[in-house]
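The structure under discussion appears below in the form of structure tokens.
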Amino acid sequence: MRILVTGGAGFIGSHLCEQLINEGHDVICLDNFFTGRRENILHLLDNARFELLRHDVIEPILLEVDQIYNLACPASPIHYQYNPVKTVKTSVMGMINMLGLAKRVRARILQASTSEVYGDPLVHPQPEEYWGNVNPIGIRSCYDEGKRIAETLMMDYHRQNHVDTRIARIFNTYGPRMLENDGRVVSNFVVQALQGQPLTLYGAGDQTRSFCYVDDLVRALIKLMNTDGLHEPVNLGNPTEFTIKQLASEVMEVCKSKSELVHLPLPDDDPRQRKPDISRAQTLLGWTPTIQLRAGLERTVNYFRPRILGEPGSVG
Ligand code: NAD
Ligand code: UDP
């Protein structure tokens, strides 16, 4: 197949492009390089089945493709809050453009949605049936509401125009190729621990998240895309829940770091708890994550160590 991956030079997108190439597909990677990097896909540039397009999804594009993975959108709060209007445009206009393309060339399309559609959830763990608790006017709203309207567009294009849609609600994912200055908690803690800097705990650190290693996630995205007739959203994430304080001590153990902890103010609207109910993915996709936090952190630290300390090591 010929497959378009928008946001393909980003963290998850670059792993997805690599896996799709490994499975024998032709991949077109489209990216505006806002948070993506050529370095993430450098090893694919010489591959005859790989093509790179610098393009912004808020502008229409016509390509002949069989499948579209729409991942274009900054995912870290500091990056999506840098230009919130652009973030909304990316989710909404980008989604309309990609759905228009899917409709025109009859491609199957998967949207990278997010656990943020549940906002600060009042139901725990979160099943797909839960409608969420999202602030429409806060600093996270550009991302959360943008992704919610993108889901609406997916369902409406499916019902109205019979576009073959898939919605992946992705929970916190981590691994090699996150940006050092990404701002998300795993990369922040790993970089801080390796540098011997204090780990920055926002608030008391008793808020929870469930962390999925990127290889597990990519496997799930490909399974979801290739499962027929599944238009309803599907949660994809690792259901093992950790407090942020627990994550800090795991990272320090893996890095063998003696860093201290420093408490900084909790950002507005920071969700208190988050853990996916993945029964739908387990039943309908036959998928379950297999890489536990400790093993995933070891691989992530192996990627960051040479970058931070200048030692030889994995190139990710
Ligand atoms: P990332 O920031 O590393 O990747 C996003 C990519 O999209 C980058 O390469 C960026 O340059 C590109 N991009 C941004 N705006 C664009 C635009 N207007 N046009 C073209 N390209 C654009 O983030 P990620 O963690 O790899 O996330 C990928 C997708 O998965 C995002 O849609 C994100 O919302 C979703 N997601 C990620 C997580 C997670 O924990 N990593 C969780 C939930 C959802
Ligand atoms: N967080 C933290 N220190 C950091 C970065 C994040 O304590 O240096 C917290 C943040 O407040 C949130 C959790 O870690 O409660 C996850 O944050 P992240 O930005 O990774 O993802 P999201 O909030 O979007 O789930």
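The values are calculated or read from the model by the stated rules, or taken from the named source; none is laboratory data. Owing to the predicted nature of the structure, the values given are computational and were not obtained by experimental measurement. Glycine also receives a Cβ, built like all others from the backbone with ideal geometry; neighbour counts cover every protein chain displayed. Surface areas here come from the heavy atoms of the whole protein model, side chains and all, with no ligands, DNA or RNA. Shrake-Rupley method; radii C 1.70, N 1.55, O 1.52, S 1.80 Å.
Would you check if there is a residue in segment 11-25 being small (Gly, Ala, Ser) and more than 19 Å from Met225 (Cβ to Cβ)? I'd like the intermediate steps shown before the answer.
Here is the first cut: in segment 11-25, the residues small (Gly, Ala, Ser) are 13-14, 24.
Keeping just the survivors that are more than 19 Å from Met225 (Cβ to Cβ) gives none.
No, there is no match, as no residue in segment 11-25 is small (Gly, Ala, Ser) and more than 19 Å from Met225 (Cβ to Cβ).
Can you tell me which of Ala193, Ala150 is modelled with pLDDT of 95 or more, within 13 Å of ligand 1 (Cβ to nearest atom), hydrophobic (A, V, I, L, M, F, W, C) and crowded, with 16+ Cβ neighbours inside 10 Å?
On the way: Ala193 fails: within 13 Å of ligand 1 (Cβ to nearest atom).
Among Ala193, Ala150, only Ala150 is modelled with pLDDT of 95 or more, within 13 Å of ligand 1 (Cβ to nearest atom), hydrophobic (A, V, I, L, M, F, W, C) and crowded, with 16+ Cβ neighbours inside 10 Å.
Need at least 2 residues that are polar (S, T, N, Q) per element, so show me which strands (runs of 3 or more DSSP E) inside segment 44-126 make the cut, counting only ones lying wholly within it. Show your work before the answer.
Working: elements: 50-54, 67-70, 108-114.
Fully inside segment 44-126 and qualifying: 67-70, 108-114.
Of everything in segment 162-175, what is open to solvent by less than 10 Å² (accessible area, probe 1.4 Å), out of contact with any Cys (no Cβ under 7 Å at 6 or more places or on another chain) and within 12 Å of ligand 1 (Cβ to nearest atom)? Give them in sequence order. Before you say what the answer is, go through the steps one by one.
Taking segment 162-175 as the starting set, the residues that turn out to be open to solvent by less than 10 Å² (accessible area, probe 1.4 Å) are 163, 165-168, 171, 174-175.
Filter again for out of contact with any Cys (no Cβ under 7 Å at 6 or more places or on another chain), leaving 163, 165-168, 174-175.
Matches in segment 162-175: Ile167, Ala168, Tyr174, Gly175.
Could you list, ordered by first residue, the pairs with Cβ atoms under 7 Å in which the first is in segment 148-174 and under 25 Å from Ser210 (Cβ atoms) and in contact (Cβ under 8 Å) with a residue 60 or more places away in the chain and the second is assigned to a helix (DSSP H, G or I) and acidic (Asp, Glu), at least 6 apart or interchain?
Ile167/Glu151
If only one of Ile96, Ile139 is modelled with pLDDT of 95 or more, away from ligand 2 (no atom under 16 Å from the Cβ) and at negative phi, which one is it?
Values: Ile139 fails: away from ligand 2 (no atom under 16 Å from the Cβ).
Result of the check over Ile96, Ile139: Ile96.
Of all residues in segment 1-26, count the ones that are under 20 Å from the mean Cα position of the chain (by Cα) and closer than 22 Å to Tyr303 by Cβ.
Narrowing segment 1-26 to residues under 20 Å from the mean Cα position of the chain (by Cα): 3-21.
Filter once more, keeping what is closer than 22 Å to Tyr303 by Cβ: 5, 7-21.
Qualifying residue count, segment 1-26: 16.
Could you tell me whether any residue of segment 167-184 is more than 24 Å from Asn70 (Cα to Cα), within 13 Å of ligand 2 (Cβ to nearest atom) and either outside any loop (DSSP other than H, G, I, E, B) or of a type outside the set (A, V, I, L, M) (or both)? Steps first, answer last, please.
First, the residues of segment 167-184 that are more than 24 Å from Asn70 (Cα to Cα): none.
Checked segment 167-184: no residue is more than 24 Å from Asn70 (Cα to Cα), within 13 Å of ligand 2 (Cβ to nearest atom) and either outside any loop (DSSP other than H, G, I, E, B) or of a type outside the set (A, V, I, L, M) (or both).
Give the residues of segment 14-40 that are more than 14 Å from ligand 1 (Cβ to nearest atom), surrounded by fewer than 24 Cβ atoms within 10 Å (Cβ to Cβ) and touching a residue at least 40 places away in the same chain (Cβ under 8 Å), sorted by residue number.
Passing the criteria: only Glu23.
Need pairs with beta-carbon distance below 9 Å; first residue on the phi < 0 side of the Ramachandran plot and within segment 251-276, second surrounded by fewer than 11 Cβ atoms within 10 Å (Cβ to Cβ); sequence gap 6+ or separate chains.
Taking only residues 6 or more apart or on different chains, the pairs are Met252/Lys258; Glu253/Arg294; Val254/Arg294.
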